[in-house]
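Enquirer: I'd like to ask you about the structure that follows.
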Amino acid sequence: MLLLYGNDLYENVIFKNDKAIMKKELIMLRQLGKFMIFVLIIGMITGIAYAKSEIPFKGSTQAVEVYTFQPTQPTLMYVDAIGSGNATHLGHYTVTYQFVVDTTNGSGIGSAHFIAANGDSLFTEITGQGSPGPENNVASIVETQTITGGTGRFANATGSFTVNRLVNLVTGVTAGSFDGTIVIH
């Protein structure tokens, strides 16, 4: 039951269920409630926007690899490459990457540096596996590249993508495509 008394003594007091509530306190509680609803709605919108920031990342790649071996570690092949391609969110890009490949099983680890058309960079860590390709002296390579950050719009970027490519082990020429997701923060 809500009663409001209008004389001077009770002018700023509302009685609700036999309890006195000051009008100013009631107004402040209502404003606080509206503010909390506002904060909740903004949080939900921000959460939805963040959840939507994982976006497809696809492209093509071609490069020339140079192979070197160290006399002290003859089963390890060192790979340095320079290449280019076209990808979503990068546009036309250039890439450099370095790998160390265990020639006894075809596995490798490395890193890559992509430079987008506008100069922003994307950095990745790579694990890969090579296997015999469709022809002599051709290998089929499957890599998982994990995005570890970058510069410009790719600062703090995360995500991963899979690269499928063929490489001519005599000329070092390689080409393929990749597909995955990127989260741009």
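Enquirer: For segment 133-150, name all the residues that are farther than 14 Å from Arg165 by Cβ and either assigned to a strand (DSSP E or B) or of a type in the set (Asp, Glu) (or both). Spell out how you get there, then give the answer.
Expert: From segment 133-150, those farther than 14 Å from Arg165 by Cβ are 135-137, 146-150; that's our starting set.
Listed by number, the residues that qualify are Glu135, Thr146, Ile147, Thr148, Gly149, Gly150.
Enquirer: Given the structure, is Thr61 of a type in the set (Ser, Thr, Tyr), closer than 21 Å to Thr151 by Cα, assigned by TED's automatic domain parsing to the domain that holds Ser160 and at pLDDT 95 or above? Spell out how you get there, then give the answer.
Expert: Details: of a type in the set (Ser, Thr, Tyr): yes; closer than 21 Å to Thr151 by Cα: yes; assigned by TED's automatic domain parsing to the domain that holds Ser160: yes; at pLDDT 95 or above: yes.
Answer is yes for this residue.
Enquirer: Identify, from the list Ala112, Ala117, the residue that is closer than 26 Å to Ser53 by Cα and modelled with pLDDT under 95. Show your work before the answer.
Expert: Values: Ala112 fails: modelled with pLDDT under 95.
Going through Ala112, Ala117 in turn, the sole match is Ala117.
Enquirer: Here's something else I'd like to know. Please find, among Thr171, Thr162, Thr158, Thr144, the residue that is of a type outside the set (A, V, I, L, M), farther than 15 Å from Glu65 by Cα and exposed (fewer than 15 other Cβ atoms within 10 Å of the Cβ). Show your work before the answer.
Expert: Details: Thr171 fails: farther than 15 Å from Glu65 by Cα; Thr158 fails: exposed (fewer than 15 other Cβ atoms within 10 Å of the Cβ); Thr144 fails: exposed (fewer than 15 other Cβ atoms within 10 Å of the Cβ).
Going through Thr171, Thr162, Thr158, Thr144 in turn, the sole match is Thr162.
The values are calculated or read from the model by the stated rules, or taken from the named source; none is laboratory data. Since this is a predicted model, take the numbers as computed values, not measurements. Ideal geometry is used to build each Cβ from the backbone, glycine not excepted, and the neighbour counts take in all protein chains shown.
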